[in-house]
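Asks: Below is one structure. I have some questions about it.
What follows is calculated from the coordinates using simple rules that are stated; it is not laboratory data. Keep in mind that what you see is a predicted model, and the values were worked out from it rather than measured. Positions of Cβ are backbone-derived with ideal geometry, glycine not excepted, and every protein chain shown enters the neighbour counts.
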Ligand SMILES: Cc1cc2nc3c(=O)[nH]c(=O)nc-3n(C[C@H](O)[C@H](O)[C@H](O)COP(=O)(O)OP(=O)(O)OC[C@H]3O[C@@H](n4cnc5c(N)ncnc54)[C@H](O)[C@@H]3O)c2cc1C
């Protein structure tokens with residue numbers, strides 16, 4: 001084997017000796033992949049095809065000892081480290097150029113204790129793995145809306161989905177975690193044990209250690225819920241979006257109604273003449289009884305003269321996969337996101353303008369309705385400061401041809417800038433792109449200083465820096481890190 005180039009924490013290029021790679025490979029249960037291996041191309045692929053990075057080594061971790069061995073190797077070599085869960089983050093930090101990737105995707109176990117209504121989840125589990133296991137017992141916890149997203153990254157950044165208005169964010173349902181910190185220690189983080197680490201990982205991302213297990217609280221959901229889509233022609237956008245905005249201020253916590261402004265996909269319940277035309281989509285789910293859901297959602301059908309609807313009793317786990325085809329891996333993606341505490345008419349007008357000027361058929365303006373239980377948690381109780389966000393907008397730039405990179409990115413950035421005066425100023429770290437490092441501090445607002453202290457305590461050398469990075473607080477003059 002040839003010597004391998006890698007990048008150090010100081011951004012130097014160094015070589016790792018084949019004998020050292022061999023020694024590492026012998027300690028990692030799932031093996032180590034390099035560019036010389038046939039598995040390398042597939043193993044370095046992530047959801048966002050716009051990110052194309054070539055790591056030096058990919059360590060397929062299957063347990064805590066593997067993570068400890070990989071971190072020890074990186075420490076000894078001063079090697080950059082990235083951590084991969086489901087590989088969905090838009091910024092693509094799961095795979096670092098010239099880095100050692102700790103690939104957790106082989107650890108997909110989900111163990112449900114139905115009597116206690118808890119689940120222990122391994123860090124490579126996808127939302128679909130979790131939903132299937134929990135729904136076998138009629139249970140669930142708030143996670144995202146796309147079954148191929150990783151539980152790990154989503155939870156570490158906050159995590160919201162159809163259940164968040166009723167049961168809070170993913171982090172509000174996290175009761176503990178096992179974390180291997182960069183010094184190699186395996187720590188149990190919970191309200192009773194390592195409470196500061198437990199606080200930091202509930203929104204502070206992968207900045208503090210590598211999580212090898214997540215413990216969640218579960219809730220009875222489904223197995224059938226009332227859910228589906230209602231679609232209006234774009235000519236009625238001003239009217240139906242205002243009706244939606246007013247309706248969402250009153251809706252019960254069980255009901256979440258999200259809107260998407262985009263070109264109509266060829267859905268069978270829509271007239272063929274509307275396919276490919278601009279439309280306003282309302283996607284909704286009610287997590288209570290099907291009858292209560294039908295009653296609560298009825299006004300959404302009355303916002304205007306709809307093009308079509310597909311609403312009714314649906315298995316919860318099935319609805320969690322409903323948007324997978326629109327969010328399949330393999331496209332180039334560039335997103336820009338804002339939090340809103342309210343959406344005024346001018347903001348709706350800007351969103352409509354952006355939708356009609358979208359540079360491609362897969363580009364869309366997406367707005368999730370939040371509030372409810374997630375908004376009743378104090379802003380300092382977890383790092384997720386945006387508790388006043390009643391809506392999170394994402395400008396989804398999505399395209400296939402690299403020649404369109406600049407066009408789509410410009411559209412997303414322009415839309416973001418136009419909507420900034422209407423937004424809260426916080427952001428959601430799980431939606432930040434690779435060029436938004438400067439938004440990290442603002443996204444955490446008043447919680448950032450405490451996160452920096454936690455970073456100094458658990459990762460003083462900022463070994464875990466290939467992420468939405470929180471810089472360690474400076475050591476007090478004359479002192480090392482505590
Ligand atoms: C199609 C799509 C739909 C989405 N829908 C939602 C949604 O409904 N709700 C929502 O809240 N978010 C949503 N997101 C955003 C999502 O929360 C983030 O992309 C999240 O980071 C995905 O987690 P992952 O494990 O798949 O990502 P990865 O890219 O694997 O990980 C992201 C980062 O998390 C850290 N990390 C991952 N695993 C570990 C670990 N074990 N230990 C320490 N650090 C780790 C690393 O820093 C890594 O760079 C969506 C994203 C996509 C692409």
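Asks: Between rounded, prolate and oblate, where does region 64-124 land on the alpha carbon gyration tensor, with a ≥ b ≥ c its root eigenvalues, rounded for a/c under 1.5, else prolate if a/b exceeds b/c? Please report the intermediate quantities before stating the final value.
Replies: Values: a/c = 3.98, a/b = 1.81, b/c = 2.19.
It is oblate, given that a/c is not under 1.5 and a/b is not larger than b/c.
Asks: Give me the distance between the Cα centres of region 328-343 and region 228-283, rounded to whole Å.
Replies: 17
Asks: Report the per residue volume, in Å³, of the convex hull enclosing the C-alpha atoms of region 315-398.
Replies: Normalising the Cα hull of region 315-398 by residue number yields 142 Å³.
Asks: Give the peptides 310-317, 382-389 in descending order of average Cβ contacts within 10 Å, highest first.
Replies: Numbers: 310-317: 17.8, 382-389: 23.2.
Order by mean packing, descending: 382-389, 310-317.
Asks: Could you tell me what percent of the DSSP beta bridges with both partners in the chain are antiparallel, to the nearest 5?
Replies: On the way: 72 of 80 bridges.
Antiparallel bridges make up about 90 percent of those DSSP assigns within the chain.
Asks: Which percent of the Cα-Cα distances in region 110-220 go past 25 Å? Could the numbers behind the result be given before it?
Replies: On the way: 841 of 6105 pairs.
When all Cα pairs of region 110-220 are counted, 14 percent exceed 25 Å.
Asks: Considering Cα pairs under 8 angstrom that are at least six residues apart, work out the relative contact order of region 110-220 and quote it in whole percent.
Replies: Working: 233 pairs, mean separation 34.5, N = 111.
For region 110-220, the relative contact order is 31 percent.
Asks: Report, for region 54-208, the % of DSSP beta bridges that are antiparallel, rounded to 5.
Replies: Details: 10 of 18 bridges.
Looking only at bridges with both residues in region 54-208, the antiparallel portion is about 55 percent.
Asks: Turning to a different aspect of this structure: To the nearest 500 deg cm²/dmol, what mean residue ellipticity at 222 nm is calculated for the chain from DSSP H runs of n ≥ 4 alone, each contributing -39,500 (n - 2.57), summed and divided by the residues? All intermediate terms of the calculation are to be shown ahead of the outcome.
Replies: Working: 14 runs with 122 residues, N = 482.
It comes out at -7000 deg cm²/dmol, rounded to the nearest 500.
Asks: On a C-alpha basis, how far is the centre of region 189-224 from the centre of region 367-416 in Å? Whole number, if you could?
Replies: 22
Asks: Could you list 407, 166 so that the one with the fewest beta carbons within 10 Å of its beta carbon is first and the one with the most is last?
Replies: Details: 407 14, 166 20.
In increasing order of surrounding Cβ atoms, one gets 407, 166.
Asks: How large is the direction-averaged shadow of the alpha-carbon convex hull of region 224-433, in nm²? Can you show the working numbers first?
Replies: Numbers: hull surface 46.5 nm².
Seen from a random direction, the Cα hull of region 224-433 projects 11.6 nm² on average.
Asks: A follow-up question, please. Given a cut-off of under 8 Å on Cα pairs at least six residues apart, what relative contact order in percent is computed for the chain? Could the numbers behind the result be given before it?
Replies: Numbers: 1152 pairs, mean separation 73.5, N = 482.
Dividing the mean separation by the residue count of the chain yields 15 percent.
Asks: Another question about this same structure. Express the relative contact order of region 1-124 as a whole percentage, based on alpha carbon pairs under 8 Å and six or more residues apart in sequence. Present the calculation step by step, with values, prior to reporting the outcome.
Replies: On the way: 233 pairs, mean separation 30.1, N = 124.
Across region 1-124, relative contact order equals 24 percent.
Asks: Could you work out the equivalent-ellipsoid semi-axes for the chain, taking the square root of 5 times each eigenvalue of the Cα gyration tensor, largest first, in whole Å? List each step's numbers first, then the result.
Replies: Working: eigenvalues 285, 118, 95 Å².
Taking √(5λ) for each Cα gyration eigenvalue gives 38, 24, 22 Å.
Asks: Can you give the extra length, in nm with one decimal, that the chain gains between residue 289 and residue 413 once fully stretched, where that is 0.36 nm per residue apart less the Cα-Cα distance? Working shown, then result.
Replies: Values: separation 124, 0.36 × 124 = 44.64 nm, distance 4.09 nm.
Taking 0.36 nm per residue and subtracting the Cα distance, the gain is 40.6 nm.
Asks: Moving to a separate point now. Tell me, how many Å apart are the Cα centres for region 24-68 and for region 84-147?
Replies: Each part reduced to its Cα centre gives a spacing of 18 Å.
Asks: Something else about it: For region 4-103, what is the percent of antiparallel DSSP beta bridges, rounded to the nearest 5?
Replies: On the way: 7 of 15 bridges.
Bridges in region 4-103 that DSSP calls antiparallel: roughly 45 percent.
Asks: A follow-up question, please. Can you work out the base-10 log of I(q)/I(0) for region 4-103 at q = 0.12, 0.20 1/Å, using the Debye formula on its C-alpha atoms alone?
Replies: These q points yield log10 I(q)/I(0) values of -0.33, -0.96.
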